[in-house]
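Computed from the coordinates by the stated procedures, all read-outs in this text should not be read as laboratory data. As the structure is a prediction and not an experimental result, all values here were calculated from the model. Reconstructed Cβ throughout: ideal geometry from the backbone, glycine too, with neighbour counts over all protein chains shown.
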Amino acid sequence: MVKKIKIKKNINKKATIKAARIRFIKTAKKIKFNKLKSKKIKDVYQKIKILKKSQSLIKKKLEVAKELRVIIKPTEEQIKKLVVKGRSRGFVTETELIHSFPEVEEYIYEYELTLEELQKNGIQIIEDTGGFFDLPVEGKIDKKSLLRSMNEKKKFDISELSSDSIQMYLREIGKAPLLSREEEVELAKRKEKGDKQAERKIVEANLRLVVSIAKKFTGSKGLSLLDLIQEGNIGLFRAVEKFEYRKGYKFSTYATWWIRQAITRALADQSRTIRIPVHMVETINKFQQAQRQLIQDLGRESLPEEIAAEMGEDINKIRHVIKISQETISLETTIGEDE
């Protein structure tokens, strides 16, 4: 009996030791798992902290970039050159004005002073024909053809516009009557007093002007005619907001610049994958025209040095223009027929 009791005690001891070992292994596993879990949580938390830091750094950089944004203000020399050019020809083109005032919203006062100076000297501001990448550069311009184009602007022909949505829009804006000089002044006075109805009438009467200007940019890449009209309308609203009838110039002359400026700004922003500044677009236009002229004269591709001599610019600037005027090519573009 004594032996049997001893055997039973030994079995019980072994069972308890085994159970204790199992419990120890389980607890060890739990501790290890919890340690791993806490490590993972720490890693995730650390990543979140890094992300938050990078986001705050990006925000700070954006704020600094806004503060350091370069505003290209026209120099007195540029304005004098514009006036001298206008005196010799009797007019300046809208493109030349845009080139001199690429960011007009930053210096409206100087722009209005320039308009007054042009008026005092009897210099007209003439709308020039052509798309965004075919704007005229210095040279002889046929006054008769310009006057003819101005007369044609008054006649509103919608036959060449096939889209139903465009035709519907044109029919709608065609219902608003055009304003005389006296009516413009009267509505401008009412607008100054806060009459929103008068402001709306000025806008509606000049919506056709926006379409006639937008049509000249339809050859440009990036925006459809409706998009161009929409951008031009934004410029028209700005013109109505800033117009001062006391200066003596017609609203259409004043608004034309704002409309063209809004369209050219939109094209510069959206027509290319990599944005080119508005003031550089004009330089690229001049470069392309000089390049085409030299190809015709020489019968071969022109060298950067030859283009620099033709334009009267520094060779490093020409190389920079060549670099930024290149078309962006997608990495997914197929090469050859098989690939």
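As a proxy for reagent exposure, ranking MET168, MET311 by other Cβ atoms within 10 Å from fewest up yields MET168, MET311. Packing here is the average count of other Cβ atoms within 10 Å per residue, and on that basis the peptides 207-214, 83-90, highest first, run 207-214, 83-90.
Rounded, prolate or oblate, given the Cα gyration tensor of the stretch 278-324, with a/c below 1.5 counting as rounded? Taking the square roots of the gyration eigenvalues as a ≥ b ≥ c, the stretch 278-324 is prolate. Simple rule: put +1 on each Lys or Arg Cβ and -1 on each Asp or Glu Cβ in the stretch 167-207, find the dipole, and look at ASN206, GLY194, SER180; the Cα lying farthest toward the positive end is GLY194. Counting neighbouring beta carbons within 10 Å and listing from fewest to most, the residues VAL281, VAL185 come out as VAL185, VAL281.
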